[in-house]
1. Could you please give the count of residues in the stretch 172-201 that are more than 17 Å from Lys147 (Cβ to Cβ) and among the basic types (Lys, Arg)?
2. Only one of Glu169, Glu198 is over 15 Å from Pro6 (Cβ atoms), out of contact with any His (no Cβ under 6 Å at 6 or more places or on another chain), surrounded by 16 or more Cβ atoms within 10 Å (Cβ to Cβ) and among the charged types (D, E, K, R); which?
3. Would you point out the residue of the stretch 153-178, among those that are in a helix (DSSP H, G or I) and either without any contact (Cβ under 8 Å) to a residue 24 or more places away in the chain or within 16 Å of the ligand (Cβ to nearest atom) (or both), that is farthest from Asp39 (Cα to Cα)?
4. Taking the stated definitions as given, is Ala53 under 20 Å from Leu211 (Cβ atoms), in contact with a helix residue (DSSP H, G or I) (Cβ under 9 Å, 6 or more places away or on another chain), at pLDDT 95 or above and not basic (Lys, Arg)?
5. Show the residue pairs meeting these rules: Cβ distance below 7 Å; 6+ apart or different chains; first residue within the stretch 233-250 and within 11 Å of the ligand (Cβ to nearest atom); second residue acidic (Asp, Glu).
6. Of all residues in the stretch 227-251 being small (Gly, Ala, Ser) and not in a loop (DSSP other than H, G, I, E, B), which is farthest from Ser37 (Cα to Cα)?
7. So Gln102 ticks every box in (1) away from the ligand (no atom under 16 Å from the Cβ); (2) surrounded by fewer than 19 Cβ atoms within 10 Å (Cβ to Cβ); (3) under 19 Å from Tyr168 (Cα atoms) but one. Which box is left unticked?
Amino acid sequence: MSTRRPLIAGNWKMYKTIAEAQKTASELIDRTAAADSVDIMIAPPFTAIASVAGIAANSRVAVGAQDLFWENDGAYTGEIAPGMLTEAGCRYVIIGHSERRQHFAETDETVNRKIAAAVKAGLVPILCIGESEAQREADETFSVLDKQVKRGLKGLFAKDLKKLVIAYEPIWAIGTGKTATSDQAQEVHRFLRQVLVELFDADFAQSVRILYGGSVKPANIAELMSMEDIDGALVGGASLDAETFARIVTF
Ligand code: PGA
């Protein structure tokens with residue numbers, strides 16, 4: 001393993017009421033109080049962010065959002081500005097999750113604007129990328145990911161992206177129980193680091209945390225984390241239960 005500090009992030013998607021989110025967050029904070037060698041983040045739905053952030057203040061658990069809009073304010077009904085997230089207690093923001101690309105018309109261009117806005121607001125962006133099953137079968141995995149990274153980070157400089165996190169989430173592995181093997185994930189992560197060398201430089205590429213996501217659970221986290229270029233995980237389903245997620249955090 002490298003000197004990069006692992007990050008285990010939970011994406012709660014559109015699950016949990018405010019009360020449920022508070023309960024899960026409190027239990028997670030208790031269960032992970034001693035896990036001081038990993039960074040921990042949970043991304044509740046927007047409605048629960050402020051109250052979860054209140055509970056998580058002074059704990060080892062950071063709070064993130066699952067999306068944001070790139071403008072600071074304006075007539076954008078339904079959208080949430082970067083500054084609203086920092087005010088509510090967010091440190092991180094997930095950007096370009098495949099579910100947003102699939103259901104909400106996110107493109108590499110909107111992802112790029114969102115990454116720039118997150119950086120400007122001081123949020124840590126988690127750029128999500130991943131190939132579909134058809135793309136993998138057509139041997140397009142690397143070219144798809146290359147495009148997603150380059151377009152997603154277009155116009156941004158290494159100095160702005162010091163905290164950048166990339167999450168590699170093969171679409172065919174999300175919520176399906178089918179995890180990429182640790183070798184498959186490592187092969188992609190190594191490739192992504194090479195793309196970052198090309199885009200920026202080797203030092204920067206070595207500093208970026210690249211998470212794996214897609215059916216991560218207590219049973220496969222240790223194996224994934226043993227790989228050189230896997231620096232953590234973005235966990236969906238298995239992050240909803242505090243006991244299960246704590247087992248992943250303390251892998
Ligand atoms: P999953 O979701 O862990 O339920 O597969 C991962 C994600 O969508 O981030």
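1. Number satisfying all stated conditions: 2.
2. Values: Glu198 fails: surrounded by 16 or more Cβ atoms within 10 Å (Cβ to Cβ).
Within the list Glu169, Glu198, the selection yields Glu169.
3. Applying the first criterion (in a helix (DSSP H, G or I)) to the stretch 153-178 yields 158-160, 171-173.
Those left that are additionally either without any contact (Cβ under 8 Å) to a residue 24 or more places away in the chain or within 16 Å of the ligand (Cβ to nearest atom) (or both): 159, 171-173.
On the way: Lys159: 22, Ile171: 25, Trp172: 26, Ala173: 23 Å.
Here the residue is Trp172.
4. Values: under 20 Å from Leu211 (Cβ atoms): no; in contact with a helix residue (DSSP H, G or I) (Cβ under 9 Å, 6 or more places away or on another chain): yes; at pLDDT 95 or above: yes; not basic (Lys, Arg): yes.
No.
5. What qualifies is Leu234/Glu169.
6. Applying the first criterion (small (Gly, Ala, Ser)) to the stretch 227-251 yields 232-233, 236-239, 242, 246.
From the residues that got through so far, the ones that are not in a loop (DSSP other than H, G, I, E, B) too are 232-233, 237-239, 242, 246.
Values: Gly232: 12, Ala233: 14, Gly237: 23, Ala238: 20, Ser239: 19, Ala242: 18, Ala246: 13 Å.
Among residues in the stretch 227-251 that are small (Gly, Ala, Ser) and not in a loop (DSSP other than H, G, I, E, B), the one farthest from Ser37 (Cα to Cα) is Gly237.
7. Condition not satisfied by Gln102: (1).
Yes or no, residue by residue, for (1) in a helix (DSSP H, G or I); (2) open to solvent by 30 Å² or more (accessible area, probe 1.4 Å); (3) within 26 Å of Lys150 (Cα to Cα):
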site	(1), (2), (3)
Met14	no, yes, no
Leu28	yes, no, no
Ala34	no, yes, no
Gly54	yes, yes, no
Gly78	no, yes, no
Met84	yes, yes, no
Glu106	no, no, yes
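The values are calculated or read from the model by the stated rules, or taken from the named source; none is laboratory data. Everything numeric here is computed off the predicted structure, so don't read it as measured data. No Cβ is skipped: glycine too gets one built from the backbone with ideal geometry, and neighbour counts run over all protein chains shown. Only protein heavy atoms, including side chains, enter the accessible area calculation; ligands, DNA and RNA are left aside. Shrake-Rupley method; radii C 1.70, N 1.55, O 1.52, S 1.80 Å.
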